[in-house]
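Notes for the one structure printed next.
The values are calculated or read from the model by the stated rules, or taken from the named source; none is laboratory data. Please read all numbers here as calculations on a predicted model, not as lab measurements. Cβ placement follows ideal geometry from the backbone for every residue including glycine, while neighbour counts extend to all protein chains displayed.
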Amino acid sequence: MIRATEYVLSDQPFVVRRTVRWGDCDPAGVVYTGRFTDYLLGAVGLFSDHIAGGAGRLGTLHGVGTPCKAMRFEFIGTLWPDDVIDIECWIEAIRTRSYDIRCMARRPDGSAVFDATFSPICVRLDERVGTSIPDSLRAALSAFLRPATAR
């Protein structure tokens, strides 16, 4: 039996469970720093699929592309092979053209591992230039909005 290394643990709040694989680690057995980006992107992808209701790519459903404008990380703890983390995701801010997906990773005992923000920006599909967030996408994102003060 092959065990999943990443799956949705809960929808409300939205949480992705991730198990560290041996291949994610350096020879000393500590997760490579760059792998944290993979963990974030995996969780953001599953969260975006959830917001889209499983109907396709979130931005494309609303007529825009949503490439990454920025990422921010705070590394709080280390990880080792077979460690498990739960990555909670929510919408933290919605601006004119971009929005923030906040992700907090914790071990099942609640101890923090990383705090990160992924910020997509809306671009037109025909010219790849910035554009305002469509009203329909803004409404979909708003359903998952949790302002920074509500943590």
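Could you identify the single residue in Leu141, Leu145, Leu125 that is out of contact with any Ser or Thr (no Cβ under 6 Å at 6 or more places or on another chain) and surrounded by fewer than 14 Cβ atoms within 10 Å (Cβ to Cβ)? Before the answer, list the steps.
Values: Leu141 fails: surrounded by fewer than 14 Cβ atoms within 10 Å (Cβ to Cβ); Leu145 fails: surrounded by fewer than 14 Cβ atoms within 10 Å (Cβ to Cβ).
Leu125 is the lone residue from the list that is out of contact with any Ser or Thr (no Cβ under 6 Å at 6 or more places or on another chain) and surrounded by fewer than 14 Cβ atoms within 10 Å (Cβ to Cβ).
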Of (1) at pLDDT 95 or above; (2) in contact with a helix residue (DSSP H, G or I) (Cβ under 9 Å, 6 or more places away or on another chain); (3) of a type outside the set (Phe, Trp, Tyr), Glu74 satisfies every one except (2)
Could you tell me whether region 8-17 includes any residue that is assigned to a strand (DSSP E or B), in contact with a Phe, Trp or Tyr (Cβ under 7 Å, 6 or more places away or on another chain) and more than 21 Å from Ala143 (Cβ to Cβ)? yes
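Which of the residues belonging to region 111-133 are of a type outside the set (Ser, Thr, Tyr) and out of contact with any strand residue (DSSP E or B) (no Cβ under 9 Å at 6 or more places or on another chain)?
Start the filter on region 111-133 by keeping residues that are of a type outside the set (Ser, Thr, Tyr), which leaves 112-116, 118, 120-130, 133.
Across region 111-133, the qualifying residues are Asp126, Glu127.
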Within region 15-42, track down each residue that is closer than 25 Å to Arg128 by Cα and not hydroxyl-bearing (Ser, Thr, Tyr). Asp38, Leu40, Leu41, Gly42
